[in-house]
Amino acid sequence: MLALSIACAAAAVAWLYLIAGHGGFWRTGQRLPPAAGEPGTWPDVVAVVPARNEAAMLPATLPALLGQEYPGTLAVILVDDGSSDGTAGVAERIAAGSGRPLRVISGAPPPPEGRWAGKVWAMAQGLRAAGAGPAGAGPDGYVLFTDADIAWAPGTLRALVAAAEGDDRDLVSQMALLRTASGWERAVVPAFVYFFAQLYPFRRVNAPGSRTAAAAGGCMLVRRAALEKSGGLAPISGALIDDVALGAMIKRQRGRTWLGLSRQVVSVRPYPGLASLWQMVARSAYTQLKYSPAILAGTLAGLLFLYVLPPAGAITGLAAVTAGSETAAAVLTAAAGLAGWALMSLSYLPMLRLYRLSPLRAPGLPLIALLYAGMTADSARRHYTGRGAEWRGRTNLR
């Protein structure tokens with residue numbers, strides 16, 4: 001019991017640090033700030049939408065992108081990346097009824113030299129098709145990388161560009177609000193965003209001098225000049241986690257980036273059961289750990305230490321005290337376990353509020369962390385059995 005009490009006390013201290021000193025990762029206040037003013041001249045924007053078998057998603061999302069209330073020139077390019085469900089035809093029919101033109105291009109095979117991740121190659125083709133000039137994005141314009149499952153509130157692009165121009169940001173990205181319609185979505189999705197923010201605290205991402213870099217793939221507004229400086233997307237050609245890689249690329253060249261949360265950018269993709277959510281996490285979790293067995297072991301140990309140990313210690317200590325074993329070690333174990341569990345739960349409350357879910361879900365975070373530990377371990381298993389990361393049903397690197 002003494003060893004358990006010491007471990008629980010260490011976990012409680014770790015939670016004190018995470019809450020007080022880890023970039024405020026648990027807070028959800030990093031929202032797009034209202035612009036002090038609007039640009040005198042609105043820069044051109046090209047939106048690039050990689051799409052593979054997205055015929056079911058586009059009717060719910062593409063009209064909102066085409067209908068953005070943006071005062072400048074907005075061109076939309078959809079890259080049909082080998083779809084077999086008529087994605088291109090659906091997109092063209094939607095565009096025919098809108099007031100803004102849409103260009104649909106058929107994805108080509110990647111070049112023989114180098115290895116391109118499937119989604120990044122689709123993004124690169126859209127970027128190449130964007131060109132320059134009034135129909136594309138000039139040197140002072142922007143490229144908006146978004147996904148086919150992202151629905152946009154009408155004035156979102158205008159706010160993104162105003163923020164980028166007003167604060168001189170080379171990359172402005174918003175984490176889409178993910179769907180929480182099913183029971184499993186409500187259990188797993190808020191924790192997905194919570195753990196992402198713990199890995200990449202948004203305040204540190206947004207600090208120019210910080211080495212922490214990330215972005216959210218559903219909404220990435222990038223200054224065209226920054227992309228030209230990097231030579232396009234070639235430096236991240238093999239990136240399986242394209243958004244984080246893009247954020248790091250921009251920061252490496254001393255670009256200013258911003259990442260925040262949003263209720264105006266929404267993913268409508270359904271994850272009705274645990275299997276689909278498991279696939280969402282497991283397809284790239286081991287990639288995030290750089291395919292390192294040592295980092296994997298440390299991550300799993302960290303999840304158990306931070307999230308499982310406090311409630312386990314609290315329950316064990318309380319059981320011992322209830323049974324009449326009121327030793328100092330038992331009391332300390334219960335107190336430290338309860339303290340760590342309480343701090344953990346408090347840190348989860350802002351994310352639950354963002355998703356408009358009951359705060360009573362917060363004490364269940366250790367169970368969700370155990371689930372994520374299983375997903376992470378399975379991601380490593382998939383890698384070593386040749387079933388690594390995929391994008392829309394296809395092996396990513398090709």
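The values are calculated or read from the model by the stated rules, or taken from the named source; none is laboratory data. As the structure is a prediction and not an experimental result, all values here were calculated from the model. Cβ placement follows ideal geometry from the backbone for every residue including glycine, while neighbour counts extend to all protein chains displayed. Heads up: the accessible areas ignore ligands, DNA and RNA and are worked out on the full protein's heavy atoms, side chains in. Shrake-Rupley method; radii C 1.70, N 1.55, O 1.52, S 1.80 Å.
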Averaged per residue, the 1.4 Å probe accessible area of the chain, protein heavy atoms only, in Å², is roughly 41 Å²
Residue span VAL321 to THR385: 0.36 nm per residue of separation minus Cα-Cα distance leaves a gain in nm of 18.3 nm
Distance in nm between ARG100 and GLN198 label points, each 7 Å along Cα→Cβ, equals 3.8 nm
Shape call for the stretch 52-168, from the Cα gyration tensor axes a ≥ b ≥ c (a/c under 1.5 means rounded, otherwise prolate when a/b beats b/c, else oblate), comes out oblate
Using alpha-carbon positions, the gyration tensor of the stretch 1-83 gives root eigenvalues a ≥ b ≥ c; with a/c under 1.5 called rounded, otherwise prolate if a/b exceeds b/c, else oblate, the class is oblate
P(r) of the chain over all Cα-Cα pairs, 10 Å bins starting at 0, rounded to whole percent, reads 5, 21, 31, 24, 12, 5, 2, 0
The helix 328-354 Cα axis meets the longest alpha-carbon principal axis of the chain at an angle in degrees, between 0 and 90 and rounded to 10, of 20 degrees
Note on the stretch 78-215: contact order normalised by length, alpha-carbon pairs under 8 Å, 6 or more apart, percent, works out to 13 percent
Everything considered on the Cα gyration tensor (a ≥ b ≥ c; rounded for a/c under 1.5, else prolate if a/b is larger than b/c, else oblate), the stretch 43-87 must be described as oblate
For the chain, longest principal axis from Cα atoms; helix 242-252 axis from its Cα atoms; angle between them, nearest 10 degrees, is 80 degrees
When the charge dipole of the stretch 35-106 is computed with +1 on Lys and Arg Cβ and -1 on Asp and Glu Cβ about the Cα centre, the Cα farthest towards its positive end, among PRO39, PRO71, PRO59, belongs to PRO59
The alpha-carbon pair-distance distribution computed for the stretch 280-323, with 5 angstrom bins and whole-percent values, is 5, 20, 16, 17, 13, 10, 8, 7, 4, 1
Quick calc, the chain, dipole around Cα centre from Cβ unit charges on Lys, Arg (+) and Asp, Glu (-), nearest 20 debye, gives 360 debye
Simple spin-label estimate for ALA181/ALA275, 7 Å along Cα→Cβ, in nm, reads 1.9 nm
The chain: relative contact order from alpha carbon pairs under 8 Å, six or more residues apart, as a whole percent, is 23 percent
At R0 = 35 Å the Cβ-Cβ FRET efficiency linking ALA10 and ARG252, nearest 0.05, sits at 0.50
For the stretch 161-267, the Cα-Cα pair-distance distribution in 10 Å bins from 0, as whole percents, is 15, 46, 29, 9, 1
For the stretch 20-117, the percent of accessible surface on carbon and sulfur atoms (probe 1.4 angstrom, ligands and nucleic acids excluded) is 52 percent
Using alpha carbon positions and the Kirkwood radius, the Rg to Rh ratio of the stretch 233-375 is 1.07
Rounded to a whole %, the carbon-and-sulfur portion of the accessible area of the stretch 146-276 at a 1.4 Å probe is 53 percent
Taking 0.36 nm per residue of separation between GLU92 and SER210 and subtracting their Cα-Cα distance, the length gained on full extension comes to 38.2 nm
Checking the stretch 160-239 for trypsin sites (Lys or Arg not before Pro) in a loop per DSSP with at most 12 other beta-carbon atoms within 10 Å yields ARG211
